[in-house]
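Novice: After the structure tokens below, expect a handful of questions from me.
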Amino acid sequence: MPVAARRAGVVVVGGGLAGAMAAAHLARAGVPVVVCEQSVRPQPRVCGEFLSFEGAALLRDIGIDLPAAAPAIATVAVHGPHRTLVSRLPGGNVGVSRLWLDEALRQRAGELGASIHRGVTVQRIMPRPGSGALVQTSDGDWDAEAVVVATGKRDLRGVAARERVSDVVGVQLHVSVTPEVRVRLQGRVELWVGEGASGGAALVDGTTLNVSCVIAPAVARDPGLVASHLMPALMRRHTAAARVLAGIDWPETRMTAVAPVPYGYVRPEAPGPGIFCVGDQLAVIPSLTGDGMTIALASGREAGRLLASGWGKGWASARRDAGAAGGHWEADPGRAMRLAEASRQSHECMAQAFRRQLRVAVWLQRLFAQPRVLEGLLRAGVWLPPVVPLLMRATRVPHGLRAREARRAPAGSGRTIVP
Ligand SMILES: Cc1cc2nc3c(=O)[nH]c(=O)nc-3n(C[C@H](O)[C@H](O)[C@H](O)COP(=O)(O)OP(=O)(O)OC[C@H]3O[C@@H](n4cnc5c(N)ncnc54)[C@H](O)[C@@H]3O)c2cc1C
């Protein structure tokens, strides 16, 4: 006999950075919220693990302090085939492991009153005509008044798939490094750029280096995804990668991989009334900017804020019952209309806010993929120091979506240094 769907205020699909951030803000505002996260324990993510100062401020705003061991990152080094440009970054950027960060954010959302369901995969959502959706999961169904879609690179049935604008594969690995390598990479995020592959490296604690790359499928096909095969093959192809990654002992471990990565995508409209997309489901910025995590956090926070204002009355009783997952909250005949309007507004505002930032980042990514143009740009960066700070500033999350403390800080105000 079919089991009736449980009632939920808001269901958040995916408890990564964007989903957990939305849930934390909703729970803090007293809205009853259930998070369905498919993983049971911390999982590695394909990410460079460079967290910008704007992202760190958004985390502090919700009550998360980064670990004292998270290394500060004061400079960025961009390596072309023959030339390297080093530029100072504004203070407050860090290297931080996603194994720690995603877990800390989920825990914070739980402390604030969100009901976190681990090991639950959402199979599809079926939008309702007024607001919200029937959410079908591996652990039964939820009848939700609103839904936040935060599944990252994975598309979800019931939500239109994003256009496949690029076919690249993203890979990532944590690797232990010797003290000599550590000293060389201390305080910097290293980016190497080349045809068919590019990548980044940053320390995330005292001994661990995070390495992430974006590779054309044809380049990955032959060596495969085992680090001891793939990384030496990339270093043979790219002199810049060989310079950055020299002295690393690559393990016989398969790298974490994700594909495709739809760089440049922005979702302009909500997939249904009362349905909010956040993080990579809303906007996917080329990784070289190191701003994807901040976009995920900022969009989770903004969707949470708009959704909470649409939720309206009944907050006090919702707060009391939030621990009961489904909860009991006051009926409100105008709520469906307000939530539908909030989801429309959320997509309109955020698509507009992120579009220019993504356009500049995609344009830069295309230029950087051509070795001759890249060498020219690196040379120009040396002679015209303001170029790098200007480009950096144009690829940061817009001021209006930042935490208050990061609004006045001048992104990319650093000086260019010739190494
Ligand atoms: C190569 C590469 C390097 C990058 N480097 C950086 C960097 O240095 N700095 C930076 O700021 N950004 C970087 N990014 C971008 C950043 O990693 C992403 O933008 C960010 O992780 C997006 O967060 P999210 O919450 O949207 O998705 P995710 O972090 O992917 O979270 C999605 C969550 O949803 C869960 N989920 C998925 N499907 C389901 C389902 N059906 N049911 C239940 N749960 C589900 C997953 O388990 C996961 O926990 C990089 C990206 C790439 C590809």
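Novice: Could you list, in sequence order, the residues of segment 83-106 that are within 14 Å of the ligand (Cβ to nearest atom), basic (Lys, Arg) and farther than 22 Å from Ala20 by Cα?
Specialist: None - no residue of segment 83-106 is within 14 Å of the ligand (Cβ to nearest atom), basic (Lys, Arg) and farther than 22 Å from Ala20 by Cα, so the list stays empty.
Novice: Specify which of the listed residues (Ser39, Ser52) is of a type in the set (Ser, Thr, Tyr), within 15 Å of the ligand (Cβ to nearest atom) and under 22 Å from Val149 (Cα atoms).
Specialist: The unique qualifying residue is Ser39.
Novice: Going by the structure shown, is Leu185 under 21 Å from the mean Cα position of the chain (by Cα) and either over 27 Å from Ile125 (Cα atoms) or in contact (Cβ under 8 Å) with a residue 24 or more places away in the chain (or both)?
Specialist: The answer is no for Leu185.
Novice: If you check Gly80 against the conditions, is it at pLDDT below 95, more than 14 Å from the ligand (Cβ to nearest atom) and not polar (S, T, N, Q)?
Specialist: Yes.
Novice: When you scan segment 98-117, do you find a residue that is more than 21 Å from Glu302 (Cβ to Cβ), out of contact with any Lys or Arg (no Cβ under 9 Å at 6 or more places or on another chain) and assigned to a loop (DSSP other than H, G, I, E, B), even just one?
Specialist: no
Novice: Okay, next question. Considering only residues of segment 390-404 that are of a type in the set (Gly, Ala, Ser) and over 21 Å from Ser87 (Cβ atoms), which is nearest to the chain's Cα centre (by Cα)?
Specialist: Across segment 390-404, the extreme among qualifying residues is Ala403.
Novice: Related question: Restricting attention to segment 131-148, report how many residues are within 9 Å of the ligand (Cβ to nearest atom) and not small (Gly, Ala, Ser).
Specialist: 1
Novice: Anything in segment 61-89 that is surrounded by 20 or more Cβ atoms within 10 Å (Cβ to Cβ) and assigned to a loop (DSSP other than H, G, I, E, B)? List them, or say none.
Specialist: Ile62, Ala70, Pro71, Ile73, Gly80, Leu89, listed by residue number.
Novice: On the basis of being within 28 Å of Ser52 (Cβ to Cβ), hydrophobic (A, V, I, L, M, F, W, C) and either surrounded by fewer than 22 Cβ atoms within 10 Å (Cβ to Cβ) or in contact with a Phe, Trp or Tyr (Cβ under 6 Å, 6 or more places away or on another chain) (or both), does Ala216 make the cut?
Specialist: In short, yes.
Novice: Which one is surrounded by the most Cβ atoms within 10 Å (Cβ to Cβ), of the residues in segment 13-34 that are part of a strand (DSSP E or B) and more than 9 Å from the ligand (Cβ to nearest atom)?
Specialist: Here the answer is Val33.
Novice: Given the criterion of a type outside the set (A, V, I, L, M, F, W, C) and touching a residue at least 60 places away in the same chain (Cβ under 8 Å), identify the matching residue among Asp65, Asp61.
Specialist: Going through Asp65, Asp61 in turn, just one is of a type outside the set (A, V, I, L, M, F, W, C) and touching a residue at least 60 places away in the same chain (Cβ under 8 Å): Asp61.
Novice: Moving on to the next point. Just to be sure before I move on: is Val3 more than 11 Å from the ligand (Cβ to nearest atom), more than 17 Å from the chain's Cα centre (by Cα), among the β-branched types (Val, Ile, Thr) and part of a loop (DSSP other than H, G, I, E, B) in the structure I sent?
Specialist: yes
Novice: Give just the number: which of (1) within 11 Å of the ligand (Cβ to nearest atom); (2) surrounded by 14 or more Cβ atoms within 10 Å (Cβ to Cβ) does Arg157 not satisfy?
Specialist: If we test Arg157 against (1) within 11 Å of the ligand (Cβ to nearest atom); (2) surrounded by 14 or more Cβ atoms within 10 Å (Cβ to Cβ), just (2) comes out false.
Novice: Pairs, please: C-beta under 7 Å, at least 6 apart or cross-chain, first residue closer than 23 Å to Met392 by Cα and in segment 88-112, second among the aromatic types (Phe, Trp, Tyr)?
Specialist: Cβ pairs passing all conditions: Pro90/Phe53; Gly91/Phe53; Gly92/Phe53; Asn93/Phe50; Asn93/Phe53; Gly95/Phe50.
Novice: Say whether the condition of being under 20 Å from Asn93 (Cβ atoms), surrounded by 24 or more Cβ atoms within 10 Å (Cβ to Cβ) and near the ligand (Cβ under 9 Å from one of its atoms) is met by at least one residue in segment 258-278.
Specialist: There is no residue in segment 258-278 that is under 20 Å from Asn93 (Cβ atoms), surrounded by 24 or more Cβ atoms within 10 Å (Cβ to Cβ) and near the ligand (Cβ under 9 Å from one of its atoms).
Novice: So Gly80 ticks every box in (1) small (Gly, Ala, Ser); (2) within 28 Å of Gly304 (Cβ to Cβ); (3) touching a helix residue (DSSP H, G or I) at 6+ places or on another chain (Cβ under 6 Å) but one. Which box is left unticked?
Specialist: It is condition (2) that Gly80 fails.
Novice: I've got another one for you. Could you list all residues from segment 35-52 that are under 25 Å from Ala74 (Cα atoms) and either buried (at least 21 other Cβ atoms within 10 Å of the Cβ) or more than 14 Å from the chain's Cα centre (by Cα) (or both)?
Specialist: Hits for segment 35-52 are Arg45, Val46, Cys47, Gly48, Glu49, Phe50, Leu51, Ser52.
Novice: Name the residues in segment 300-312 that are in a helix (DSSP H, G or I) and more than 8 Å from the ligand (Cβ to nearest atom), would you?
Specialist: Arg301, Glu302, Ala303, Gly304, Arg305, Leu306, Leu307, Ala308, Ser309, Gly310, Trp311 - these are the residues of segment 300-312 that are in a helix (DSSP H, G or I) and more than 8 Å from the ligand (Cβ to nearest atom).
Novice: Examine segment 109-131 for a residue that is under 30 Å from Gly199 (Cα atoms) and touching an Asp or Glu at 6+ places or on another chain (Cβ under 8 Å), and state whether such a residue exists.
Specialist: no
Novice: For segment 300-317, does any single residue satisfy the condition of being more than 18 Å from the chain's Cα centre (by Cα), at pLDDT below 85, among the hydroxyl-bearing types (Ser, Thr, Tyr) and surrounded by 15 or more Cβ atoms within 10 Å (Cβ to Cβ)?
Specialist: So far as segment 300-317 goes, yes, one or more of its residues are more than 18 Å from the chain's Cα centre (by Cα), at pLDDT below 85, among the hydroxyl-bearing types (Ser, Thr, Tyr) and surrounded by 15 or more Cβ atoms within 10 Å (Cβ to Cβ).
Novice: Identify, please: which residue in segment 168-181 is of a type outside the set (Gly, Ala, Ser) and away from the ligand (no atom under 13 Å from the Cβ) and is, among those, nearest to Val11 (Cα to Cα)?
Specialist: His174
Novice: Now for a different question. Here's a check for you: in segment 283-294, which residue that is near the ligand (Cβ under 6 Å from one of its atoms) and part of a helix (DSSP H, G or I) is modelled with the lowest pLDDT?
Specialist: The extreme case among them is Ser287.
The values are calculated or read from the model by the stated rules, or taken from the named source; none is laboratory data. The model shown is predicted, which means the values in this text are computed figures rather than measured ones. Heads up, the Cβs are rebuilt from the backbone with ideal geometry, glycines too, and the neighbour counts pull from every protein chain shown.
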